[in-house]
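Structure record follows, encoded as structure tokens.
Derivation of every value follows stated rules applied to the coordinates shown; laboratory data play no part. In this text the structure is predicted, and so the values were computed from the model without any measurement. Glycine also receives a Cβ, built like all others from the backbone with ideal geometry; neighbour counts cover every protein chain displayed.
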Amino acid sequence: MPVSAEAEKALPRFVETLNNDQDFQNQLNQVSDIEALRKAVQAVDPSLTGAALIPLDQATRPPKILVDSGVISNALPWRLLRCTGGPLVLQLICTNANFAIWIESC
């Protein structure tokens, strides 16, 4: 079951939080494993339950359905993309690792 459009708004809010919080940006840039990523994300928004480390080629290949993208102040690229038939996903390219974050459906 897909998550609601209302629930998906957590991802753009997460980007906004990241954009406004230099300490959080620095924290994400230091993350290098999935457990640290989950802990950092859950501290900001517990509804963001899906997380994965992704290779750089996956984080930079052209998406099929790009919803939004940008670069946060300290050169932290991000993009929201819609997986075909699937969830809205936030991808981040950080210093030590690249991430995908989404809301898992029940």
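Taking first residues from the range 87-106 that are over 13 Å from residue 34 (Cβ atoms) and partners that are aromatic (Phe, Trp, Tyr) and part of a strand (DSSP E or B), the Cβ contacts under 6 Å between residues at least 6 apart in sequence or on separate chains come to 87/102; 89/102; 92/78; 92/99.
For the range 55-81, filtering for residues that are of a type in the set (Lys, Arg), more than 12 Å from the chain's Cα centre (by Cα) and closer than 18 Å to residue 11 by Cα leaves 0.
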